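Chemist: Below is a structure I'd like to ask you about.
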Amino acid sequence: MINNGWAFKKNEHELGKENREEYKKLTERYKIYKAYRPCENEEEYDLIYTREACYHHGKYTVIKKPIDITTEELLLIFDDGNLCFGGSHLSGNTYRVSED
């Protein structure tokens, strides 16, 4: 189970641990490329995305993704297994993850 926005909850340590465990599973299941520059070998990766730094959040654009991946799984990957302040799907292939 992925916990979206677990910070400041009574059991936040357990919720954070659950996310880290789920993130480990996802990174073992999918080959991920965080694109700082264009990917030369797209066929080698399951998930390719970019990140734009914004005020108190990151904006993520998915270039390629597996058909079976969920929004919550994507958000957890984008936030490197944390997702303590939450995230959401904006529209199309664009997502937002809140940061401090």
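Chemist: Somewhere in the range 37-44, is a residue surrounded by 12 or more Cβ atoms within 10 Å (Cβ to Cβ), touching a helix residue (DSSP H, G or I) at 6+ places or on another chain (Cβ under 8 Å) and not in a loop (DSSP other than H, G, I, E, B)?
Modeler: no
Chemist: In the list 94, 71, 50, 61, which residue meets the criterion of being of a type in the set (Val, Ile, Thr) and closer than 22 Å to residue 14 by Cα?
Modeler: Every option except 71 fails the conditions.
Chemist: Also: Being in contact with a strand residue (DSSP E or B) (Cβ under 8 Å, 6 or more places away or on another chain) and over 16 Å from residue 34 (Cα atoms) is the filter here; which residues of the range 70-94 pass it?
Modeler: Once the filter is applied, which keeps residues that are in contact with a strand residue (DSSP E or B) (Cβ under 8 Å, 6 or more places away or on another chain) and over 16 Å from residue 34 (Cα atoms), the range 70-94 yields 71, 83, 85, 86, 87, 88, 89, 90.
Chemist: Out of everything in the range 16-62 that is β-branched (Val, Ile, Thr) and out of contact with any Leu (no Cβ under 9 Å at 6 or more places or on another chain), what residue ends up being farthest from residue 90 (Cα to Cα)?
Modeler: If we take residues in the range 16-62 being β-branched (Val, Ile, Thr) and out of contact with any Leu (no Cβ under 9 Å at 6 or more places or on another chain), then 27 is farthest from residue 90 (Cα to Cα).
Chemist: A further question on this structure: Filter the range 45-78 down to the residues that are out of contact with any Asp or Glu (no Cβ under 9 Å at 6 or more places or on another chain), among the polar types (S, T, N, Q) and not in a helix (DSSP H, G or I) and list them by number.
Modeler: Result: 50, 70.
None of the figures in this text is laboratory data; all of them are computed from the coordinates on show. It should be emphasised that the depicted structure is a prediction, and the values quoted were computed from it without experimental measurement. No Cβ is skipped: glycine too gets one built from the backbone with ideal geometry, and neighbour counts run over all protein chains shown.
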